[in-house]
1. Would you point out the residue of the stretch 216-243, among those that are small (Gly, Ala, Ser) and in a loop (DSSP other than H, G, I, E, B), that is farthest from Asn129 (Cα to Cα)?
2. Return the only residue of Ala188, Ala175, Ala208 being at pLDDT 95 or above and farther than 21 Å from Ala30 by Cα.
3. So which residues in the stretch 14-39 are open to solvent by 10 Å² or more (accessible area, probe 1.4 Å) and not in a loop (DSSP other than H, G, I, E, B)?
4. Residues Gly219, Gly184: which one is over 19 Å from Pro22 (Cα atoms), surrounded by fewer than 18 Cβ atoms within 10 Å (Cβ to Cβ) and of a type outside the set (S, T, N, Q)?
5. Tell me, which residue of the stretch 128-142 that is among the aliphatic types (A, V, I, L, M) and not in a loop (DSSP other than H, G, I, E, B) is farthest from the chain's Cα centre (by Cα)?
6. When residues of the stretch 112-127 are filtered for being assigned to a helix (DSSP H, G or I) and open to solvent by 30 Å² or more (accessible area, probe 1.4 Å), how many remain?
7. For the stretch 57-72, indicate whether the set of residues that are in a helix (DSSP H, G or I), open to solvent by less than 40 Å² (accessible area, probe 1.4 Å) and over 21 Å from Val252 (Cβ atoms) is non-empty.
8. Test Gly84 against the criterion of being of a type outside the set (S, T, N, Q), touching a Ser or Thr at 6+ places or on another chain (Cβ under 6 Å) and within 25 Å of Cys154 (Cβ to Cβ), and give yes or no.
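The values are calculated or read from the model by the stated rules, or taken from the named source; none is laboratory data. Not measured: the values here are computed from a predicted model. In this analysis, Cβ positions are derived from the backbone assuming ideal geometry, glycine residues included, and neighbour counts consider all displayed protein chains. Please note that ligands, DNA and RNA were not included when accessible areas were found on the heavy atoms of the full protein model with its side chains. Shrake-Rupley method; radii C 1.70, N 1.55, O 1.52, S 1.80 Å.
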Amino acid sequence: SIGWRTAFVSDGKNLTKATHLPPDVPESLAIGTLGMPGRTAYFGLLDVCKPLKAGETVLVNGSAGAVGNVVGQIAKIKGCTAIGCAGSDSKVEYLKSIGFDHAFNYKTVDLHQTLTQVAPNGIDAFFDNVGGEFADTVLLHHMKTFGRVSICGCISQYNLKPASEAEVSKGIFDAQTQGPHLQGVILAKQLRVEGFLVQRFSDRNDEANTALAQWVQEGKLKWKEHVTEGFENMPKAFIGMLKGENIGKAVVKNTDV
């Protein structure tokens, strides 16, 4: 609500004091792993994909981003097999270093074949940040019966060409992509597919903050920031985040303070 700025004056209302941060971590984690992105991972996996049981298989795309890497680590904390993907080999190596059981570069592999290999028995919980053809492939071919799908984002579709008025009148809302009809497989496999915005869990922020901070202190939840120096580089950092240049939370450091 306050936009990009170096400073602002507040009466203190609608601000939350970051009292849950462990010692010896940067304050910026309050807007990353120990902030909204971390809570998004926490509630999107543990509530939207409940009941999450030890031994289940969890897939998350956009895995090297601020939300995705936390999703995979929480899955491991809960005793699940974590599968992740990213758009570069360096990101894949990072995912492996923080405990993902399987990680792959989605740009250099066949998605269907790879998921068949790493999850031959199917996916129990799918945390979707991407949408598009990736999600179509997972839902059509790789979800287990009674699987749960948490829809957190659809970054593959953010820059698509809007449909014309004529197309909208026919029920077509995107002029570039017309994916398969998924209702049949959702019905046949009795899947639960649910979109969510993290604000709906705001009355439970303390619960998530406490759990996330404890896992960080215990060394179970690792964090990484992609820091851009200089407020003047904010647009560059934002565009880079949308292009997937960051590993972990993308933050901008105001060097004039």
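1. So, considering only residues that are small (Gly, Ala, Ser) and in a loop (DSSP other than H, G, I, E, B), the one farthest from Asn129 (Cα to Cα) is Gly230.
2. Selected residue: Ala188, the only one of Ala188, Ala175, Ala208 that is at pLDDT 95 or above and farther than 21 Å from Ala30 by Cα.
3. Once the filter is applied, which keeps residues that are open to solvent by 10 Å² or more (accessible area, probe 1.4 Å) and not in a loop (DSSP other than H, G, I, E, B), the stretch 14-39 yields Glu27, Ser28, Ala30, Ile31, Met36, Arg39.
4. Gly184
5. If we take residues in the stretch 128-142 being among the aliphatic types (A, V, I, L, M) and not in a loop (DSSP other than H, G, I, E, B), then Leu140 is farthest from the chain's Cα centre (by Cα).
6. 5
7. The answer is yes, given that some residue of the stretch 57-72 is in a helix (DSSP H, G or I), open to solvent by less than 40 Å² (accessible area, probe 1.4 Å) and over 21 Å from Val252 (Cβ atoms).
8. Spelling it out, Gly84 is indeed of a type outside the set (S, T, N, Q), touching a Ser or Thr at 6+ places or on another chain (Cβ under 6 Å) and within 25 Å of Cys154 (Cβ to Cβ).
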